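The values are calculated or read from the model by the stated rules, or taken from the named source; none is laboratory data. No experiment lies behind these values; they were computed from the predicted model shown. Cβ atoms come from the backbone with ideal geometry, glycine included; neighbour counts cover every protein chain shown. Note: areas computed on protein heavy atoms with side chains; ligands, DNA, RNA excluded. Shrake-Rupley method; radii C 1.70, N 1.55, O 1.52, S 1.80 Å.
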Amino acid sequence: MKKVRTRFAPSPTGYMHIGNLRTALYGYLYAKKEGGEFILRLEDTDSKRFVGGAVQIIYDTLKDAGIVYDEGPDIGGPCGPYVQSERAAIYKEYAERLVRLGGAYYCFCDKERLDGLKDENGVGRYDKHCLRLSEEEVKAKLAAGEPYVIRQNVPEEGSGSYEDMVYGKVTVEFKDIEDGILLKSDGMPTYNFANVVDDHLMGITHVIRGSEYLSSTPKYNLMYDAFGWERPVYIHLPPIMKNAHVKLSKRNGDASYQDLVEKGYVKEAIVNYIALLGWSPKDNREKMSLAELEQSFSLSGINKSPSIFDEPKLRWLSGEYIKEMSEEAFASLARPFLAKSKAYGKYDEAKLLKILKTRVEILSEIPAKIDFLEEYGKFDEALYYNKKMKSDAEIAKQVLPLAKALLAGVEPFENASLYQAMCALAQENGMKNGQVLWCVRVALTGRENTPGGASEMAELLGRERTLERLDAALGFLGV
């Protein structure tokens, strides 16, 4: 049985779109699961779309995501070069061979003639004009140095069919396929030609790509068949949607992998979530490490239906990864975001990180979670109202003087002892624990929502600042 070889062949046109990363991930996972090889190839023949620095982004993103390729432009391999712009001579050789085999022909039509083939909507279709040139006419034009392209010779009748591992049998009528350009006048190939030649020469056994190529595949198969090459196995992936009607797209400004990392999503969670956009494991697990994905991935788990990019689910998954991190790992990831907070450098970092670890899902939430520590100011009595806790401003007026006297002497001034002391205070005064804890937390923070309870906030603030804030809160209440 032939060794499985898959490839990821991105164009260096900017940041790594989620759909592109999913294609790379599935190619990598399938190759690893089957004991095969995963290849990186750069399709950079469209110079108009090339973006400076984009090649490095591809390298960095794959490395960051843990997707390790066996061959590629930066590490080499037996099938190089792995950059299409460095393979021009190869494409010319095979384009000319395809002409001799009858699968393509030279086209000398100029822009004026081609423009004349377009209708009032600017839609044109090549009319096979140059296919009818005699061999002597073609030779004469080539000898005279006339500019030309090489076009594919698509049959005018019949259809092309193939089996896709996801979508089943796909059939496209040849009348719906134009004689597209394979080799441009500058000698560079189009994607439609280069990917066929490269996939064959690089021994790619399984082609994994987006479903937008379903209707193009018959014209690729015409080339495989004309050359006498074995067709690869096709796996077309369902689109990733922004919502039920709009496709996720970097052209629409939708998030790239880099955007999600900069927002503070955990990298492992991003990769985990992307794997689930169009694929489901047999046991329906949702949280899976890359190693677990390598073991579980199967083509049978890929479904036809479009996937909706559900950012709340990604948030949840990111939060699950954060909860399971070691304190050291969380601290390393959190510090750059902690540094953006107004509270940075003014509180015990270890204590801040401790209260944040189980209360953030994405790291960019950190500043907003703790900025209140430095934004304390006069607040309305209505903030004390909480139906569930059976609390209001009048209850606060009873609680806070007692709490101030209590907290002045609690030792040690730490979460556990502070919590026990306030619960004991509630019982001694015929109150519910929630009434005391709610009123103290509001008094210390001026917020309904904080990343910790009253005792955690008091420990973080320290005794002196805790008493100062209780004094201020009593003043706001007119006590």
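For the range 366-467, lysine pairs with C-alpha atoms less than 20 angstrom apart, excluding pairs fewer than eight positions apart on the same chain, total 10. Kirkwood analysis of the Cα pair distances in the range 53-201 returns a hydrodynamic radius of 18.2 Å. Based on DSSP H segments of at least four residues, each scored -39500 (n - 2.57), the chain has a per-residue ellipticity at 222 nm of -13500 deg cm²/dmol. Looking at the chain, the accessible area is 48 square angstrom per residue; that uses a 1.4 Å probe and ignores ligands, DNA and RNA. With the charge dipole of the chain set up from +1 on Lys and Arg Cβ and -1 on Asp and Glu Cβ about the Cα centre, the Cα lying farthest toward the positive end among the listed residues 189, 215, 17 is that of 17. Using the Cα coordinates of the range 425-479, the gyration tensor eigenvalues translate into equivalent-ellipsoid semi-axes of 17, 15, 11 Å, sorted from longest to shortest.
Angle of helix 18-33 to the longest C-alpha principal axis of the chain, folded into 0 to 90 degrees and rounded to 10: 80°.
For the peptides 312-318, 441-447, 339-345, residues were scored by their other Cβ atoms within 10 Å and the scores averaged per peptide; the highest-first order is 441-447, 312-318, 339-345.
Give the average over all directions of the projected area of the C-alpha convex hull of the range 299-374, one decimal, in nm². With every direction weighted equally, the projected area is 6.6 nm². I'd like the orientation of helix 393-407 relative to the chain: the angle between its Cα long axis and the longest Cα principal axis, in ° from 0 to 90, rounded to 10. It is inclined by approximately 80 degrees.
Ignoring ligands, DNA and RNA, please state the percent of accessible area on the range 361-479 from carbon and sulfur, probe 1.4 Å.
Carbon and sulfur together cover 49 percent of it.
What is the log10 of I(q)/I(0) for the range 11-89, computed with the Debye formula using one identical point scatterer on each Cα and no solvent, at q = 0.13, 0.15, 0.18 Å⁻¹? Rounded to two decimals, the profile gives -0.40, -0.53, -0.77. Give the label of the value calculated from the structure for Cα Rg over 2.2 N^0.38 Å, choosing from (i) 1.00; (ii) 1.40; (iii) 0.90. So the calculated entry is the one marked (ii). By the Cβ distance rule of under 4.7 Å, the chain has these cysteines without a partner: 79, 109, 423, 439.
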